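Here's the structure we're looking at; comments come further down.
The values are calculated or read from the model by the stated rules, or taken from the named source; none is laboratory data. Because the structure is predicted, anything quoted here is derived from the model rather than measured. A quick note on method: Cβ atoms are made from the backbone with ideal geometry, for glycine too, and the neighbour counts reach across all protein chains shown.
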Amino acid sequence: MWSTIKKLISGVTTALLFTLLIVTVFAVISTQAADGEPEVFGYQLKTVLSGSMEPGIQTGSIISIQPTEDQGQFEKGDVITFTNADDTLITHRIHEVQNEGQQYITKGDNNNTTDAEPVLAENVVGEYTGFTIPYVGYAIDFATSDQGAVLLLIVPGILLVIYSIVIIWRALRQMDNGSRDDQAIDEQ
């Protein structure tokens, strides 16, 4: 019974380490290929670095946005992600639509006033889908850095190699013990 449980734990551990390695490789490669912007099933994942949209979107969260081709389609109350004059990505709610959708006045839900500059429709990257995972943004921000990418590729690989060495060593030891037992039986 105990050996069955050990085999099950061994199999699950191997599967988890291998899955972690594959998922990490996929995430790092897709992030690097997309210039640091992970994309899943056509949705872009963005890290929230400020509290301007709290409590709905917490600092350090990741959010999903639907990229848009028609930047003039949005209405008052929609939450959009856009680039400002400094090329910084910002996610805020549309407070007012101007010039038939050619520009938007936006405001963070946690801010007291609207943003100083109107957002041109051409600067809208996409619309917030409502999907958010708190605090994961910190991990993704680290993973998209060069140090994080190296660490997240090397560590699971090293763990998998170490685990494989332990398994092979145990198997060889069991084979050696089995051959010793066979010799002892033959000598009697």
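List of remarks:
- None of T24, T31, T14 is within 24 Å of F82 (Cα to Cα), assigned to a helix (DSSP H, G or I) and either at pLDDT 75 or above or not hydrophobic (A, V, I, L, M, F, W, C) (or both) except T31.
- Residues in the range 142-151 that are surrounded by 16 or more Cβ atoms within 10 Å (Cβ to Cβ) and not hydroxyl-bearing (S, T, Y) were compared, and the one that is nearest to G51 (Cα to Cα) is A143.
- Contacts under 9 angstrom Cβ, first residue in the range 116-134 being in a loop (DSSP other than H, G, I, E, B), partner of a type in the set (D, E, K, R), 6 or more apart: P118/E96
- Some residue of the range 116-133 being surrounded by 12 or more Cβ atoms within 10 Å (Cβ to Cβ) and either within 30 Å of T13 (Cβ to Cβ) or assigned by TED's automatic domain parsing to the domain that holds A15 (or both): yes
- Per-region count, the range 44-57, residues surrounded by fewer than 16 Cβ atoms within 10 Å (Cβ to Cβ) and of a type in the set (S, T, N, Q): 1
Each row is one residue, and each column tells you yes or no for (1) under 12 Å from V125 (Cα atoms); (2) touching a residue at least 40 places away in the same chain (Cβ under 8 Å).
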site: Q58; (1), (2): no, yes
site: I62; (1), (2): no, yes
site: P67; (1), (2): yes, yes
site: G77; (1), (2): no, no
site: F82; (1), (2): yes, yes
site: H95; (1), (2): no, no
site: N99; (1), (2): no, no
